[in-house]
1. Working carefully through the options Lys55, Lys51, find the one that is at positive phi, at pLDDT 95 or above, more than 8 Å from the chain's Cα centre (by Cα) and of a type outside the set (A, V, I, L, M, F, W, C).
2. If I filter region 35-48 down to residues being more than 9 Å from the chain's Cα centre (by Cα) and surrounded by fewer than 18 Cβ atoms within 10 Å (Cβ to Cβ), which single residue comes out as farthest from ligand 1 (Cβ to nearest atom)?
3. Filter region 49-69 down to the residues that are closer than 19 Å to Pro17 by Cβ and near ligand 2 (Cβ under 8 Å from one of its atoms), then identify the one that is surrounded by the fewest Cβ atoms within 10 Å (Cβ to Cβ).
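The values are calculated or read from the model by the stated rules, or taken from the named source; none is laboratory data. The shown structure was predicted, so the numbers you read here are calculated from the model rather than taken from an experiment. When we count neighbours, we look across all protein chains shown, and the Cβ atoms used for this are built from the backbone with ideal geometry, even at glycine.
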Amino acid sequence: MPCAHVTMAKDPPATTPDGCEECLASGDRWVHLRLCRTCGHVGCCDSSKNKHATKHFHATKHPVMRSHQPGESWSWCYLDERMV
Ligand SMILES: [Zn+2]
Ligand SMILES: [Zn+2]
Ligand SMILES: [Zn+2]
């Protein structure tokens, strides 16, 4: 079931298609990528040591991130804490 946040979410183009914005800037590595469906920010997942997608949510309150892995189309809502 989609939640209210994902209903309002869009699919903006990635601002940094090559990887996590902050990790690219600092030369760090990531495990998987998440794309913010409010602004197109690309951040790394919670399996990555820097967890920039979660940090992006806390900094911006943008609620819905989509998997940015090839072949994956699920989204995660941070406010509802579930896949949507
Ligand atoms: Zn939600
Ligand atoms: Zn990162
Ligand atoms: Zn965002």
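1. Testing whether each residue is at positive phi, at pLDDT 95 or above, more than 8 Å from the chain's Cα centre (by Cα) and of a type outside the set (A, V, I, L, M, F, W, C) leaves just Lys51.
2. This residue is Ser47.
3. Ranking the candidates gives Asn50 first.
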